[in-house]
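First comes the structure, then the notes that go with it.
The values are calculated or read from the model by the stated rules, or taken from the named source; none is laboratory data. Bear in mind the structure is a predicted one, so any value in this text is a computation, not a measurement. Surface accessibility is based on the protein's heavy atoms, side chains included, excluding ligands, DNA and RNA. Shrake-Rupley method; radii C 1.70, N 1.55, O 1.52, S 1.80 Å.
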Amino acid sequence: MAALVNVKGLRKSFGDLEILNGIDLDVEAGEVVSIIGPSGSGKTTILRCINLLERPDGGRIEVDGQVLCDDGPGGRIKFASKGEIRKIREEVGMVFQRFNLFPHMTALENVIEAPIAVKGMDKAAAKTRALELLDSVGLSHRADHYPLQMSGGQQQRVAIARALAMDPRVMLFDEVTSAVDPELAGEILLVMKHLAEQGMTMIVVTHEMGFAADVSDRVLFIDHGRVVEEGAARQVLGAPREERTRAFLKAVLERAPMAEEDEDDDLVDDRAADEPSWGADPLAAVKSSEAETVARLQSEVEELRRRLAETEGTSGDTSAGGSAGLSEGRQPDRAGPEGGR
């Protein structure tokens, strides 16, 4: 069966800085592929090239049998026409790190904008579909709210609904939990997991190793613009073949910053010598690490809430003069029960 997304020999540089150097990627219909790797390795650039938000310097990209670009004679890359690119983009939805919602539009208006403006959908039909999508991401009650009235997690779920409103064949997710609090990331990951269960083809750039292990069919580890390792999620995350992959996963599991490697590879050898045991079930270790972090953060939040409640109770017992002094000054900002995060 032909791949729904086919990328061959993808190259991209910004000036003298080479970002991608010969990336190959095939994604079957209904498959979930996660791309992992250190910051600056080129993961986001791959997604942006797939829908030509960034124009590659070389290589071939094909989506659903339609060629967006390919190397021509003399090594000069050729691109599809503007009309063909626009048509292909309708089949590729993308959700960004930052939500990129229109701030002057409500959640509902954000979702219906593209189907009406790009696909010419009837407004009533677009509204009906948008409400269904907002309900599917748990935000039907937020349809009339503006982005600033929603939390980061809610805004990102609106962004997912907006991308789905175009009925794409493929969804691209670029570090969609990176701009939200850990407590809210679970809301987004749950929506993505449901999409995967429904058979949506997905390419996911992520640092959420637990999610990658649980949902992905395959995982690619990218470093310095090259595919270092590729395979089934259980193999890459649980029993990586490459030393560089093991070093990266070790750093993620320990929540330690990635050290930069020297050209003589001495650092890589040192890290490999200190490699911890992966245990009988390395995927369980990945998920356990994620769960422990969330539990710790939730505990810290509850402690802060408790202290805040005690402080407010104490301030309520102060003298009238003290209360009057506070009321004359600037009142502390307080968000409503659901919005303003």
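Numbers at a glance
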quantity: Portion, in percent, of the accessible area of segment 156-245 that falls on carbon or sulfur, probe 1.4 Å; calculated: 46
quantity: Computed over segment 88-198, Kirkwood Rh from alpha-carbon pairs, angstrom; calculated: 13.8
quantity: Segment 150-194, relative contact order [Cα under 8 Å, separation at least 6], %; calculated: 55
quantity: Viscosity 1.002 mPa s, temperature 20 °C, Stokes-Einstein D of segment 1-117 from Kirkwood C-alpha radius, µm²/s; calculated: 136
quantity: H141 accessible area, assembled protein chains, probe 1.4 Å, Å²; calculated: 100
quantity: Sequence-separation-based contact order of segment 1-115, relative, with Cα cut under 8 Å and 6+ spacing, percent; calculated: 21
quantity: Solvent-accessible area, 1.4 Å probe, carbon plus sulfur percent, for segment 62-138; calculated: 51
quantity: Dmax and Rg, reported as Rg then Dmax, of segment 114-159 (C-alpha, Å); calculated: 11.3, 31
quantity: Built amide H within the under 5 Å cut-off of E31, gap 5+; calculated: M202
